[in-house]
Structures are given as structure tokens and as C-alpha cells.
Amino acid sequence: MAYIPWICSRCLARFGTRTPVGRKWRILQWRGLNTNTDSDLSASLLSRARSLAAEHSKLSSYLAASFDGKLAKRVGELAPIANVLKEWDKINESISELNHLLDDPDTDVELKPLVIEDLENSKATLPTISDNLKQALVPRHPFSALPCLLEIRPGAGGDEAGLFAFELLRMYTAFCSRRGFRSNVIKLEVGDGPAEDRLSEAVIEIDADGAYNILRTESGVHRVQRVPATETKGRTHTSAVSVMVLPSFPETGGGVDHALNFEDPSSDYYVDPQEVRSEKMRAGGAGGQHVNKTESAIRLTHIPTGIVVSMQDSRSQHANRKKAWQILRARLAEARQEAREQELVELRRGVLGGVARMGRGDKIRTYNYGQSRCTDHRSGITLHNLDGVLDGGEGLETVMESVRSWLIDQEVAALAADEVAKAKRASHS
Amino acid sequence: MPRLSNSTILKAHQQHPLLPLLLRECRSPDSAKNELRWLQEKANRLISFKKATRSTHAPLGWRRLLNSMCHTRSRGMPLQYILGDQPFGDLEILCQRGVLIPRAETETFTIHTAKLILDSIRGQCRESEQERCLRIVDLCTGSGCIALLLHGLLAPYIHRLSILGIDLSPTAIGLAKKNLAHNIQLGLLSKRATTEIAFQRGNVLTYNDSELGVQEVIRNFQWLPSDLQSHCDVLISNPPYISPESFRDGTTSRSVRAFEPKLALVPSLDTSTIALGIENQEDLFYYHIILLSFKLCAKLVVLECGSRSQAGRVATITRALISGYRPNTLVSIEIWPSTGTVTNGDICCEDDPCVVVLRE
């Protein structure tokens, strides 16, 4: 037996291993909130996949004869579904064949263990393939390929909310730099008062294609529970910060993607300049050479919806106007998309009963300082490593990943509901 | 100028002790806060730059630097002279004492002019226009901002450009050349700009063909060799347009009066003014520029004016000159508000600068 010197426990804690002791109990906790991922697909989903695959084969045979840009795009969208479905069919076929072999009394006895082994292998791969199929079936979000704007605003909770909003801003900038996304703060407003760490509004531009899809999970109300720095009696406060992820449209439409070209009046995301009132916040009196005002603030008001964007960060009025337009466009596009989704939910309600949809008004995540805990209310994940989340590091990544899989599950459920509704309608008529 | 209330000053002081200083010039807490932020950014940048280069100057902390900057600003020094530059479109224009600071209105109308030029070129037949080079003359160029921004906006669409900026002041010409080099170095202008933009000294007001006469300068200027006629396509200018009265009576702000060059603001009194039959001294430049545009056969003339009434007077002068010199040509005269015609929602008032556009 090796000789082990006696060391007092405190010394061990102080000089001992570099690995933090606390790591032991940073365990992932999953609560039963998220829908269980069943490996077998519902019949309605499968039928949908089959019809899409049939469309794919039809279109690709048509494309072989003559070329059409629109059709080619559609085929590109359908290709993954068709491929995964093919794989799924193959696996199912082999499983049934193996089962048949197993049941057959004529099969060699020596062959049987091999068959069982093969069967087990096939069954093990089945869940991942059906998951892939589900993911492929979920329609892509229209903005998923775009860079995004992230808007942070304190909600209820006064000063404390402003303080926490600043921390969220730091968290997301750290997250972006970790992921290698170029991010810059295009609007930063701090609240009145001597301290400059109370945010009243911030907008970060994340200039990476597909950033919208990654950060989509962050839209909603983030709740914080802690003893604020401003609290004298040691009471825990609860305050809220709202985060909004908006699509950032490319500067010039370029004509590549017509659906997202905001300058095209027929596009869904077109904003008519006539409907926007722009005001320069400048005092009256003579202008031009007579004065040298440094006020460069611009305020845009979209009259039909009443959305107001004001911008004063840059010294150039031109730059302020450009950024204000970018934000206005993003907000309108998000609002329109939201309205469309809401419509779909209304349609589904008849089938699924009360479908809970996570809107931007819902509380999505709680950061509890006292327990050093971060809980996401959608996926139900709880991390006991608050610092890791607030650093924008792996903790945040884990939470976002869990939410993403939750979102896919939701979409799949919605798809299944759609199919059921369709079948019902078909049977009625 | 209404007096600042004590409560405003007190509230500003609570937020930052330097804010009351800036309030003296800014007059509104919001703009004072913005200026403080910009000054802070500048001070931090200067100090970190000094630390990086280990300069031998006395190490001034950023707080002291900011303090001295705010004191200078409170005495009326324009912010752009303290910071040393001003964004203009996508460009960064350097500013220094003795040269007019580019204004936001000028920025808007330059961008609008570029749009106008591009539209008219798209309307014409393609091939013949591609070969020819577009000639632009910018009179009273000052820091060179209009010439540079026009190049920045037009260069991606027009293959051959030739832009000449003319100013009387040698300081302005020096600064304009510096701005050209500065923006090319920053990558905001393409490399073509070195050969396609030139700045030269010239006097718009001289009549006799002395060496500095603007006509002589344009004639002697080496346009890119294609054809040898001395005409130009676009004439653009932001000439001095403040009358001596409004320079004195408080319409012109203290900071402009004390720190910006009078040469760039008020047309100098000339004995010929009376002889020409111009009633208002502030309209002197327009008379000369419009005459020049006839001689150069300019297809598009864009002139910034101080107010609606001045724009009206310029239109009258133009009509008189057309009937006198070129009765057979059809020229359309338009007056835009400085905000351009694109954003109709902008609220425009009588005192805002406007633009007079003459088109053949």
C-alpha cells in the first residue's frame, strides 16, 4: 500500500487540485417538461414525408429534361427529406427481413446469433434516423439564413432590471466572440443618473449568416432573482429583462432571394417610405452654414403600426438614419412573421386543443443568483452553473441547444396536428 | 438664446460634473450627453494611442484631457475642430481651423445629387455613355467633402470620372488633398480616386482672366484625355450664402461666427455687386456660378441656398440670366428642401437650407 501523508481537509481545499470542487454537483437536471422523443413516427408525419418525397422524384425527373430556377430550388429543399426517408425505409426493410429470418424455423442455428446482433444494430440506428427525418420535415424559418439584431430592454424591476440588462448585453457579446461572430453595438442608451451601468436600451448587430437561427431561442423575457446591489435589507428581488431577436436584412437586396428583398414592393417585408415619418430632433431656427449643430438624432415612426425607432449614437445623421431604418425594417418583419405564426396557431387550435405558443411576452428563462441556477422554462433544463451561463460560454450553449431541440419537437407536433386536421377535412368532404 | 434654468444645470451636474460646461454650447441635455460621450471616446483613443507609441510628450491622463476638451468646447470651439473629423456619408472628413465644417444638409443633398446623376445615366443609352468620362466641378469645395463623397457614391457605377474641386483658400485646398489621401488610406474611397479627383485654387468672383480666375483654372485643368472641349457635365457648389446682416444679428451662432472662416460664410463685398444689379450681397456667388455654368455647358447645376426666400431669389436671377444670355435653351428650375424629396415625411420650415437644381 502506498504511503499517503495526512493532509488536513482545508489545506486540500486550498492547495489541492486545480479542478474546482464545485464541478461535481453541476449536473444537468431534466424535468419532465419536454416532450419525450419517441422513435416511431406518427403515421401522419410519415405520409407527409412520403408525399414530399414523391414530389421530389417527380420534380427531379422533370428537371432532368429542362431547367427551371424555381423548381431547382424546391428540389434542393426537398432533397434532404427524400434522402432521409430512403434511409429510413432501408432500415425498416432490413429489420423486417431480419425478423422474418428469426421467425423462420428453417434458419440455421449458427446464423441466429448473427441475425440477432444485426437486428440490434439496426434498431439502435433507427431512432437517430427518425429524428433526422423529423428535423428535415420541419420547415426552415424564413429568416434562418440571415444575420440578426439583438435588442435588450429592461422590463419590470427598475434599476435592478437595468443592471441585469447590462449583464445580459455582456453575456451575448461574449457569446458572439466565443462563437467567432462579428458583433457590434449599434445602439446603447444608459439610464439617467450618475451610474452608467443601467441600460435602458441596447441593440447589438450580429453580422454572421445564420445568426438568427442560432439566437432565435433567446427571444422572450429573461427573469432574474437576486439580492440587488441597491438593496440594503438583503431581500431577494425578481426583475425582468426582455430580449428580442430580429432579422437583419442585407444592405442591398442583390436580387438573389426575392422573398427577402425589402426594396421590392411585392415582397412581404417591404416598408413603404411614405408610411414612415422621419423627424430630425433639432431645434428650430436657421440651419446650414448659419449654425453648426452636432445633434444628429433621427426618429422614425411607422404610422400604421406606431412603431418608433430613434437613433442618436453616431455623429452622422446619415448613419443614424440608415441604422434606424435597419432596426425599423427588422421590427416590422418580425411583427409580420409573428402575426403569420399566430394565424397558424389559431388554425391548429381546433385540432390540438390549447396549444401553448411561446411569444415574446412569455417568461422563458430564470437566472437565480442565490442558488446559482439557470432554468429554461421551455425545455425545462436547469444548470447549476450560473457563471458559466453568464460568461456566454458552454453553459449558455447547452441551454440554447436544449431549447433548439425543444423547438423542433414543437414544430413536429404542430406538423402532425396539421396533417391530422387535413385528414379530418378530407374525410368530411 | 433662452437662458438655461438652474434646475437643468443642477441635474446635468448630478449626472456628470462636466455636463454643465457642454450645456453652455449645446443648450439641451440630450445633445450635451452625446457630445460628452464622443469626447470621452476621443480622449480614451488618444491616450491609448499615446501609450502604444510611447510618445515623449508629457503624459496627460484621459480625465485631464477630457476636462480641457470640455473647457474648450464651452468657449464655443466647434466639436469637429476638437475631435478633428466629421463623418460625411460613409467618409471621414478631417476638419481644421480655417476651413468650413461639412454640414448635415450638405451631406443629404450630395447623396441626392448622386442619385440624380445615376438616374439620368441609366435613362440614356448605355454604350456611348460608358466610354465618355463624367466631369464634375465642385466650386467652393472647402474640405473637399462634396467632391469626395460624389466620387465614393458614383465610382461603383461609372467607369470614368473626373472631379475637380476649386477653392480660393490655400488652407482648404491643402486640407482637401489631405482628406483625399486619408479616405483612400482608410479604404473608404477606391484607389481610382487618386487620379480622378483633383483640387486646385481658383477664384469664382474674378471677372478678368487673371491666373486665379475659375474659368482659366478649369480650362488649364488636364481632364482625362478623351475630348478637348472645356465643358463639364455637373456643376455643384455650396458657396458662402450668409448675408452680413444675419452674420451679425444672432442668426448665425456664436461658435460659427468666432471659429469658422468668414471667407466661407459671407460673400466678400465687391464694388461690382452694385454694377451687376444684385440687391442682396449674399446672392453674389450664385450670379457668377450660373454664368460660369452657361460657359461650361453644364447639364446639371446644383446649388445650396440658405433659406427658401434665397432659393426664390436665385431662381429669379437664373431666369433673368437665361433670358439675357441663352434665350433659346430650356432649363428646368427646381427647389428642393435640404432633406431631399425622398423622405416626404420630413418637416421642413422656412429657415431650412434648400437646394436649387438647374437641368437642361
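The values are calculated or read from the model by the stated rules, or taken from the named source; none is laboratory data. Note that the structure is predicted; figures quoted are calculated from it, not measured. All Cβ positions, even for glycine, are placed from backbone atoms using ideal geometry, and neighbour counts span all protein chains on display. Accessible surface is based on the protein model in full, side chains and every heavy atom, while ligands, DNA and RNA are left aside. Shrake-Rupley method; radii C 1.70, N 1.55, O 1.52, S 1.80 Å.
Show me the GluC sites (Glu not before Pro) within segment B:68-167 that DSSP assigns to loop and that have at most 10 other Cβ atoms within 10 Å of their Cβ. Listed in order of number, the matching sites amount to none.
The label-point distance for B:N328 and A:E343, in a model that sets each label 7 Å from Cα toward Cβ, rounds to 6.2 nm. Per residue, the solvent-accessible area of chain B (1.4 Å probe, heavy atoms of protein chains only, all protein chains present) comes to 47 Å². Residues of segment B:245-261 losing 30 Å² or more of accessible area relative to the isolated chain, 1.4 Å probe, heavy atoms only? In segment B:245-261, residues shielded by partner chains: B:T251. For chain B, the share of accessible area belonging to carbon and sulfur comes to 55 percent (1.4 Å probe, ligands and nucleic acids excluded). Considering only protein heavy atoms and a probe of 1.4 Å, how much of the accessible area of segment A:43-137 is carbon and sulfur, as a whole percent? Within segment A:43-137, the accessible surface is 56 percent carbon and sulfur. With respect to chain B, whose longest principal axis is taken over its alpha-carbon atoms, helix B:62-74 is tilted by about 60°.
Excluding ligands, DNA and RNA, the accessible surface per residue across segment A:273-349 is 42 Å² with a 1.4 Å probe.
Per-residue mean of foreign Cβ neighbours for A:311-322 is 5 (Cβ atoms of other chains, 10 Å radius).
Treating r as the C-beta distance of A:E397 and B:T194 and R0 as 35 Å, the FRET efficiency rounds to 0.15.
When trypsin sites (Lys or Arg not before Pro) are flagged only if DSSP places them in a loop and at most 12 other Cβ atoms lie within 10 Å, the longest unflagged stretch of chain B comes out as B:192-360. For segment B:104-118, heavy-atom accessible area (probe 1.4 Å) falls by no less than 10 Å² from the chain alone to the full protein assembly at B:A104, B:E105, B:E107, B:T108, B:I111.
Rolling a 1.4 Å probe over the protein heavy atoms gives segment A:43-137 an accessible area of 64 Å² per residue. How large is the charge dipole for segment A:358-429, taken about the Cα centre, if only the Cβ atoms of Lys, Arg (+1) and Asp, Glu (-1) carry charge, to the nearest 20 debye? About 480 debye.
Per the accessible-area calculation with a 1.4 Å probe, the total area buried between chain A and chain B rounds to 3200 Å².
Split the accessible area of segment A:173-253 by element, probe 1.4 Å, and carbon with sulfur accounts for 45%.
Calculated mean residue ellipticity, 222 nm, chain B: -14500 deg cm²/dmol, from DSSP H runs (n ≥ 4) at -39500 (n - 2.57) each, averaged per residue and rounded to 500.
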